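Step one of this worksheet: look at the structure below.
Just so it is clear, none of the values below were taken in a lab; they were calculated from the coordinates. Quantities reported herein were computed from a predicted structural model and do not represent experimental measurements. Because the Cβ atoms are built from the backbone with ideal geometry, glycine has one as well, and the counts that use them run over all protein chains shown.
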There are 2 protein chains.
Amino acid sequence: MATARRGDRRGEIVRAAFDMIGERGYPNTTLAAVAERVGLTQQGLLHYFPTKEDLLVAVLRRRDELDVSGGAVAGPAGVLEALAMLVDVNASRPGIVQTFTVLAGESVTDGHPARAYFAERYARVRALLAESLGDEVTAQLVIAALDGLQIQWLLDPEGADMRPAFDRLAELVGRGRAAE
Amino acid sequence: MATARRGDRRGEIVRAAFDMIGERGYPNTTLAAVAERVGLTQQGLLHYFPTKEDLLVAVLRRRDELDVSGGAVAGPAGVLEALAMLVDVNASRPGIVQTFTVLAGESVTDGHPARAYFAERYARVRALLAESLGDEVTAQLVIAALDGLQIQWLLDPEGADMRPAFDRLAELVGRGRAAE
């Protein structure tokens, strides 16, 4: 029982952080602010999430779950269309994309608390997309493009719209498959 | 004279940091270690570079200069070949790629000390590559792929080799142009 309640509380904290990142952006979503919203002291929050990175990884896992539930896809055209929709969804939630981008960038150092999450996530998404796109190298490329487009867009929302560049990739990948 | 000497000293510090990142990786290149190598106290180093980010941006600018001096290119085939060579160079210097990836990720937050550098760099490189690749959207995509491939490779050097995925993109872009 205690464990179930603890799990509920964790979920409540993650939802609060997720919402706050959407409302006020990544840098302003401090542990103190999240704690206040769920009625905990900062010490109390650290009991559930020892570091800010632990909480942010939980937020990104929640995003992953929400996205997957909307994206049961099959075949290369289907998956590229689903990913284009995901690009549009991401363009409407810069706070979450910021969280992902900062944490993914930092995770490449040894011993970073989010490294295991990202290493596992990329391997899993590569394998998943490879099923639809036909090979793992194309999957790796498509994921890379999505990540890199987010960086340029966050730095220059007017000048580096993600969707046209993703559409260009989808067109090239589609044409590449047609030529095989 | 004082200014010239100050500039020399700055250059010496940047070269030392650049070399140390190559030798021992990004997380182990602390301001204290760089200061020691150039015979300064940490306080003395902060006189030249007030924050670690300032020093790292200077290191990345140095990398940019070295890369550009090796890459006078013309035409889409030429530029894609030059970029493939750059991918190989990057695969041989994970410390610098780590520095770039961490800093680029962090730079997307407002007010980050490296934000101006990255925003300016992406706009400049997009315009530069657009000249060779024919349009800015393809340039944006190619840059995005390079950045994203670095993230996956740093997290999984065995499983996510950059070169095959970049070659796949180069092939698709080349085929796309041939079809136009």
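Kirkwood Rh over Cα pairs of region A:1-57 into Stokes-Einstein at 10 °C, 1.306 mPa s: D in µm²/s?
Answer, rounded: 141 µm²/s.
Once you average over the residues of A:159-170, how many Cβ atoms of partner chains fall within 10 Å of each Cβ? Show your work: numbers first, answer last.
Values: counts 6, 9, 2, 3, 1, 5, 10, 4, 2, 9, 10, 0.
Across A:159-170, the average partner-chain Cβ count within 10 Å equals 5.
Would you mind checking the tilt of helix B:162-178 against the longest principal axis of the Cα atoms of chain B, expressed as 0 to 90 degrees and rounded to 10?
The two axes meet at around 40 degrees.
What residue in chain A has the Cβ closest to the axis turning A into B, and how close is it in whole Å?
Taking Cβ atoms only, the nearest residue and its distance are A:GLY105, 1.
Report the charge-dipole magnitude of region B:53-178 in Debye, nearest 20, computed about the Cα centre from +1 at each Lys and Arg Cβ and -1 at each Asp and Glu Cβ.
Working: 12 positive and 19 negative charges, 40 e Å.
Charge dipole, region B:53-178, about its Cα centre: 200 debye, nearest 20.
Would you mind classifying region B:73-180 by shape? Square roots of the alpha carbon gyration tensor eigenvalues, ordered a ≥ b ≥ c; an a/c under 1.5 is rounded, otherwise it is prolate if a/b is larger than b/c and oblate if not. If you can, show how the numbers build up before the last one.
Values: a/c = 2.18, a/b = 1.26, b/c = 1.73.
Oblate is the answer for region B:73-180, as a/c is 1.5 or above yet b/c matches or exceeds a/b.
Along the three principal axes, how long is chain B when you take its alpha carbons, biggest first, rounded to the nearest angstrom?
60, 39, 32
Give me the angle, in degrees from 0 to 90, between the Cα long axis of helix A:115-133 and the longest principal axis of the Cα atoms of chain A, rounded to the nearest 10.
That helix lies at roughly 30 degrees to the long axis.
Gaussian network model of chain B, Cα springs within a sub-10 Å range: biggest mean-square fluctuation belongs to which of B:MET162, B:MET20, B:MET85?
Comparing B:MET162, B:MET20, B:MET85 in a Gaussian network model of chain B, the most mobile one is B:MET85.
In nm to one decimal, list the spacings between the B:ALA178 label point and its equivalents in the other copies, with label points set 7 Å along Cα to Cβ, shortest first.
Computed spacing set for this position: 1.5 nm.
Put a label point 7 Å from Cα along the Cβ direction on A:SER92, then list its distances to the equivalent points in the other copies in nm, shortest first.
Here A:SER92 shows inter-copy label distances of 4.8 nm.
Where the only charges are on Cβ atoms (+1 Lys, Arg; -1 Asp, Glu), what is the dipole of the protein assembly as shown about its Cα centre, to the nearest 20 debye?
Numbers: 40 positive and 50 negative charges, 198 e Å.
Charge dipole of the protein assembly as shown: 960 debye, to the nearest 20.
Quick check on packing: order A:94-103, B:107-116, A:145-154 by the mean number of other C-beta atoms within 10 Å, highest mean leading. The partial results should precede the final answer.
Working: A:94-103: 22.7, B:107-116: 17.2, A:145-154: 26.0.
Packing proxy ranking, top to bottom: A:145-154, A:94-103, B:107-116.
Rg and Dmax of the protein assembly as shown, using alpha carbons, in Å: what are they?
That works out to 21.5, 74 Å for Rg and Dmax.
Would you tell me the mean number of C-beta atoms belonging to other protein chains that fall within 10 Å of each C-beta in A:23-35, as a whole number? Don't skip to the answer; put the middle values down first.
On the way: counts 0, 0, 2, 3, 4, 2, 0, 0, 0, 0, 0, 0, 0.
Going residue by residue through A:23-35 and averaging, the value is 1.
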